[in-house]
Amino acid sequence: MSDIPPQKLSLVKGLVKTMPIGALRTLDKALALSRDAKMKQVRGLVLLELEARHVRDLVFEPYLALFQPREDGLDAEVFPNWLLNNLWRELQTTEVQLCGEAGMAARSLRDDDPTPVPFFRLVTAGARILRDDPLSVVPKGHDERDLREISEFAHYLDLHRLLRQYLNRLPDWMGRIDAEKAATLRLWYKDACAFSEDAGVRFIEAIFANMDDGAMIIKIIATVADRPNDRFLAESELADFGERILLLAEERTDTFKRLMNSKSKDLSFMATAGADISRCLMALSGLEQYIELARDGPWGKRVAAAHKTIAELVEGRLKTAAGLIQLALPMRAEKVSGRVRKDYPDVRTPMDEVATINAKAILTFLNDIKHTAANGGYASLLTKTVQEVEMVLDGYMDDLISIAKHDAALDVDAVMALFEGVIDLIDTLFGEERAALARRRVASSDLLNPSKSVA
């Protein structure tokens, strides 16, 4: 069978270069199953492009995070993807030998190897292209904003040696920063500032982009600035990073407050509210730990206000948690041991779907806030609330098991559905181990042993 004509092959090559990396990998897997000669040609192009993308990512590794939006919701510098793609294509055209050397180095590169020299040279060449010939990189229909993006990214590329040094020692900065590490960070920041007026901010921005927990950038800033107070930092060139953390905490607090004050009976938002509150408190604790916050300072006042709002909202919800769990459990009045109980399980009524969703959301909320309860100032109330909820769930389980043992006219399916519903709630708050214990209790009851005498 003849090969693909050169003109069509060129079109396919151009198409392959524009495909997202995920689509390329899927296409490679699909073409690997074909024995057709033309499909093998296409797969060859796909493999070459995958290798080129891999080399590009290694060369520009310190900057890849700057092309992806942050997942933690914090504002950040994000460059358009076309910039890196177009720059790499231009480098492949103008720096053929360097790209070849980088490809050879990439094939044998190990994690603990030093950065190959061609990588440094390619980044330097890329910065030169962006400055000297920006029109070779711009997309079709470009405007002044695109040119500003190109100019700004060129400034970031100037910092590539310092950024690689930082990223190569990334685990060091996540732990305790001693005097030696602090001196190193300050020296790198000083070297970065020597490039241009805003280079120090760009250096911190690039570090920030490579951190999963963006709020921890305060730790790096506090080290560089030698643990400043909030007044000093709020007026410095690095103030924007603290503002981002405070704004996100305030926005999430305001959203939670609005939802909490809503009269809607749908409380499903509580399933994610706990995690959001915990992230807010962790971010605020970072500011409190690494920055000297004055009670009347520009950031100290905002941190205190956020803490107060969060504490009030959480405590208000904790006080109603046990009652919301009871709403999900079908109950009826029953005379037990000579007295009337209004909280006796109603085995003839299934669990209400909306009430169950609300109950699970509340239990998820309780589980998510436990790790930051001390920071939030409501640890004691949370402990008390969890104990109350535990008593409600355990008491309901005890009554159900008692009914299963003594009521011969039970609808087994209905009772088992109630058991599963309650166990699901236990699992949500206490985990699989407690849920497994509850299931063993059910398994040992007469409900699953109909041959036993009820008498």
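The values are calculated or read from the model by the stated rules, or taken from the named source; none is laboratory data. Note that this is a predicted model, so its numbers are computed, not measured. Glycine also receives a Cβ, built like all others from the backbone with ideal geometry; neighbour counts cover every protein chain displayed. Ligands, DNA and RNA are stripped out before the accessible areas are found, and what is left, the full protein with its side chains, is counted by its heavy atoms. Shrake-Rupley method; radii C 1.70, N 1.55, O 1.52, S 1.80 Å.
Structure notes:
- Ordering of 273-280, 193-200 by packing is 273-280, 193-200, highest average first (other Cβ atoms within 10 Å, averaged per residue).
- Cα gyration tensor, region 69-127 - rounded (a/c under 1.5), prolate or oblate: oblate
- Ellipsoid equivalent to region 197-355 - semi-axes via the Cα gyration tensor, in Å: 47, 16, 12
- Region 1-135 gives an Rg/Rh value of 1.01, both radii derived from C-alpha positions and Rh following Kirkwood.
- Checking every one of the trypsin sites (Lys or Arg not before Pro) in region 98-134 against DSSP loop status and a limit of 16 other Cβ atoms within 10 Å picks out Arg110.
- When peptides 67-76, 246-255 are ranked by their average number of other Cβ atoms within 10 Å per residue, the highest-first order is 246-255, 67-76.
- Entry for Rg/Rh (Cα atoms, Kirkwood Rh) (calculated from the structure that is shown) out of (1) 1.31; (2) 1.12; (3) 1.07: (2)
- Over the chain: helical MRE at 222 nm, DSSP H runs n ≥ 4 each giving -39500 (n - 2.57), nearest 500: -22000 deg cm²/dmol
- Excluding ligands, DNA and RNA, the accessible surface per residue across region 1-156 is 59 Å² with a 1.4 Å probe.
- In straight-distance terms, cross-link reach from Lys38 covers every one of the lysines whose alpha-carbon lies under 27 Å from its own, apart from those fewer than eight places away in the same chain; here that gives Lys8, Lys13, Lys17, Lys29.
- Within the accessible surface of the chain, defined with a 1.4 Å probe on protein heavy atoms only, the carbon and sulfur portion equals 52 percent.
- All lysines inside 22 Å of Lys405 as judged from Cα atoms, apart from same-chain residues fewer than 8 positions distant: Lys335, Lys342, Lys452
- Coarse-grained scattering of region 352-420 at q = 0.28 Å⁻¹, given as base-10 log I(q)/I(0) from a Debye sum over alpha-carbon atoms: -1.22
- In summary, the lysines within cross-link reach of Lys257, defined as a Cα separation below 28 angstrom excluding same-chain residues under 8 places away, comprise Lys265, Lys301, Lys308, Lys319, Lys360, Lys370, Lys384.
- Per residue convex hull volume, Cα atoms of region 96-190, in Å³: 140
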